[in-house]
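Working notes, structure below.
The values are calculated or read from the model by the stated rules, or taken from the named source; none is laboratory data. Being a predicted model, the structure only gives us computed values, none of them experimental. Areas reflect the complete protein model, heavy atoms only, side chains present, ligands, DNA and RNA absent. Shrake-Rupley method; radii C 1.70, N 1.55, O 1.52, S 1.80 Å.
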Amino acid sequence: ILNALDGSRVMKAGSFVTVHGKNLGGAVAASTTPPPTVLGGSCVTFSDRSLTLLKVGPEEIQAQVPDDLPSGNYVAVVRSLATGQRSDPVVVTVQ
């Protein structure tokens with residue numbers, strides 16, 4: 001999981017992030033405002049706090065960290081609602 005603007009691991013509340021992996025979800029882009037928290041059958045959470053999803057694909061998800069998420073360490077997980085599968089947890093730091 002990287003900052004979408006500069007590819008770093010520095011994330012802040014409101015920043016856009018890119019999640020890389022395999023079998024992340026169906027290829028679809030958000031078409032509503034505000035963007036949904038479930039898209040293409042997938043969702044991304046930081047310690048059970050849902051991120052809004054802009055674009056989902058089989059190997060990449062574009063998402064936004066909630067604007068009001070306090071600084072700290074969070075456990076990031078990608079879940080497939082269609083299959084019930086979930087990714088291995090990854091610790092991310094929001095500054």
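See the values below:
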read-out	value
Counting all C-alpha pairs of the chain, share separated by more than 19 Å (%)	31
Probe 1.4 Å, protein heavy atoms only - accessible area per residue of the chain in square angstrom	56
Carbon/sulfur fraction of accessible area - the chain, other protein chains in place, 1.4 Å, %	54
Ser87 - accessible surface, heavy atoms, 1.4 Å probe, Å² rounded to 10	40
